[in-house]
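**Q** Structure incoming, see below.
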Amino acid sequence: MTARPDARTALFFDFDDTLHDFHGAYIEALERAVAPVAARARPPLAPGELARRCLLPWARAWEHTMVGRPDAEALWRERSAAVLEQAGLRPDATLARGVRETYLTEMEARLRLFPDALPALHRARAVVGPDGALGLLTNGPGGVQRARLRALGLLERFTPVVISDEVGCSKPDPAFFAIALRAAAVRPQRAVLIGDNPATDVAGAGRSGLGSVWLARAGAPLPADRRDVVPDATAGNLMEAVERAAELLRRRRDG
Ligand SMILES: [Mg+2]
């Protein structure tokens with residue numbers, strides 16, 4: 001039986017640090033990527049020290065270039081420049097290219113789904129039913145995110161897959177969520193997003209009328225600068241997050 005259009009539900013998932021351990025891989029890949037630059041630094045630097053110095057500039061580069069209108073080339077210009085600058089070196093195209101290539105290769109080698117990801121997606125399919133949508137909403141470069149989703153066996157599991165770089169806007173912009181809702185053919189009241197990021201996932205979903213489940217794997221409270229963000233539900237793991245999302249979908253249908 002086909003669901004009435006207004007009864008169709010969607011569960012949306014964030015990707016990085018929700019389905020796979022992005023942060024763990026990132027720290028290791030960054031250290032590997034900057035090692036050749038650290039070796040040339042004057043005075044010499046340990047790769048771990050150079051990586052530590054790059055954390056803030058790399059996070060800022062992401063904010064500058066991938067939030068709003070994403071620009072992956074600008075992201076890598078800023079990231080490479082930051083590595084060389086932190087090492088006290090002049091611009092060097094070969095070293096810069098090496099940082100980018102090594103980082104991406106090392107990230108691919110470290111891709112790991114969280115152990116609860118596949119069971120949770122299985123349960124999520126049962127929650128939305130055969131006519132519902134399981135969607136993936138991620139901020140990042142289209143080619144890179146698609147390659148990672150494919151490598152983890154996730155690409156075929158989601159319809160729609162909405163990637164900021166491909167649609168020209170990013171979470172938490174309401175325009176991004178409008179694209180996702182249209183692609184999933186659901187109303188915001190019938191959709192819930194599960195994600196780890198209070199600002200882009202939780203606040204973004206709330207502003208666009210979707211339900212939100214904040215995935216807080218570390219069990220930590222909201223960061224001090226995000227206390228204004230109010231998730232509809234909070235969960236310590238993905239299985240729990242899907243159950244909270246199912247409750248929200250029921251409540252929003254009946255409410
Ligand atoms: Mg995330």
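Read the figures in this text as sums done on the coordinates, not as results from a lab. None of the values given here were measured: they were computed from a predicted structure. Note: ideal-geometry Cβ built from the backbone for every residue, glycine included; neighbour counts use all protein chains shown.
**Q** Can you give the charge dipole size of the chain about its Cα centre, rounded to the nearest 20 debye, using +1 on the beta carbon of Lys and Arg and -1 on the beta carbon of Asp and Glu?
**A** Once rounded to the nearest 20, the dipole reads 300 debye.
**Q** Now for a separate question. Counting pairs of alpha carbon atoms under 8 Å apart in space and at least six apart in sequence, what relative contact order in percent does the stretch 172-255 give?
**A** Answer for the stretch 172-255 is 28 percent.
**Q** By count of other Cβ within 10 Å, fewest leading, how are 34, 167 ordered?
**A** Taking fewest neighbouring Cβ atoms as first place, the list is 167, 34.
**Q** Give the angle, between 0 and 90 degrees and rounded to the nearest 10, that separates the Cα long axis of helix 72-86 from the longest principal axis of the Cα atoms of the chain.
**A** Once rounded, the angle reads 40 degrees.
**Q** For the chain, take the longest principal axis of its alpha carbons; what is the angle in degrees between that and the long axis of helix 238-254, to the nearest 10 within 0 to 90?
**A** Long axis of 238-254 versus the principal axis of the chain: about 40 degrees.
**Q** Right, another one. To test your reading of the geometry: what angle, between 0 and 90 degrees and rounded to tens, separates the Cα axis of helix 22-40 from the longest principal axis of the chain?
**A** The two axes meet at around 10 degrees.
**Q** Can you give me the Kirkwood hydrodynamic radius for the stretch 167-238, using every pair of distinct Cα atoms, in Å to one decimal?
**A** Across the stretch 167-238, the inverse of the average 1/r is 12.4 Å.
**Q** Ok, one more. For the stretch 23-110, max minus min Cα coordinate along each principal axis, in Å, sorted largest first?
**A** 38, 28, 22
**Q** Where does each of 193-203, 21-31 land if you order them by average Cβ count within 10 Å, highest first?
**A** Descending mean neighbour count gives 193-203, 21-31.
**Q** If I take the Cα coordinates of the chain and project them onto the principal axes, what are the three extents in Å, biggest first?
**A** Its Cα atoms span 67, 33, 30 Å along the three principal axes.
**Q** Right, another one. Can you give the extra length, in nm with one decimal, that the chain gains between residue 250 and residue 118 once fully stretched, where that is 0.36 nm per residue apart less the Cα-Cα distance?
**A** Taking 0.36 nm per residue and subtracting the Cα distance, the gain is 45.2 nm.
**Q** Note down the relative contact order for the stretch 1-125 as a percent, whole number, built from C-alpha pairs under 8 angstrom at least six residues apart.
**A** Relative contact order here is 34 percent.
**Q** Relative contact order for the chain: what is it in percent, counting Cα pairs under 8 Å that are at least 6 residues apart?
**A** 23
**Q** Same structure again: What residues qualify as long-range amide H neighbours of residue 20, i.e. H under 5 Å apart, gap of 5 or more or another chain, H built at 1.01 Å from N?
**A** Under 5 Å from the amide H of residue 20 lie the amide H atoms of 114, each far enough along the sequence or on another chain.
**Q** With +1 on each Lys and Arg Cβ and -1 on each Asp and Glu Cβ, and nothing else charged, work out how big the dipole of the stretch 93-194 is about its Cα centre, in Debye to the nearest 20.
**A** Dipole of the stretch 93-194, to the nearest 20 debye: 180 debye.
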